[in-house]
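S.K.: Before anything else, here's the structure in question.
Since every read-out is calculated from the coordinates, none of them should be taken as a lab result. The shown structure was predicted, so the numbers you read here are calculated from the model rather than taken from an experiment. Note: ideal-geometry Cβ built from the backbone for every residue, glycine included; neighbour counts use all protein chains shown.
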Amino acid sequence: MVTTKVQAQAPERSLDQRMDALKRANDIRVRRARLKRDLKEGCVHVEAVLTDPPEYVATAKVFDILMAVPKFGRVKASRFLNQCRISQSKTVGGLSERQRTELIGLFHR
């Protein structure tokens, strides 16, 4: 008996749907870039972003947000995540309450 695998494909999208998706993605990129710039300048505190993340930050990696904080590099961001047992690929929206609380607590030490 021969079985063939059928590759699942995404449904066809119209040009309007694709353009809307591109606009949304571009808007999210612009807003994240603005947030990172504000974090670097100290206008926004990372604790506020982690406590109540805006919807455009929900799919951003926690590691990338930490990298935008002044005096944070790869080593310090990795150390913070390791202390809280958070994967570097974890998104802000995917943080559990324990992880979120523990991470915010590290900034208050």
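S.K.: So between Q88 and Q9, what do we pick up on full extension, going 0.36 nm a residue minus the alpha carbon distance?
M.R.: Roughly 25.5 nm would be gained on extension.
S.K.: Sticking with this structure for a sec: Between the DSSP loop rule and a limit of at most 14 other Cβ atoms within 10 Å, which GluC sites (Glu not before Pro) in the range 8-66 are left?
M.R.: Numbers: sites: E12, E41, E47, E55; in loops: E12.
Qualifying residues, ordered by number: E12.
S.K.: Once both labels are modelled 7 Å past Cα along the beta-carbon direction, what's the R74-K40 spacing in nm?
M.R.: 1.8
S.K.: Continuing with this model, one more query. What size of dipole, in debye to the nearest 20, comes out for the range 17-107 about its Cα centre when the only charges are +1 on Lys and Arg C-beta atoms and -1 on Asp and Glu C-beta atoms?
M.R.: Computed about the Cα centre, the dipole is about 420 debye.
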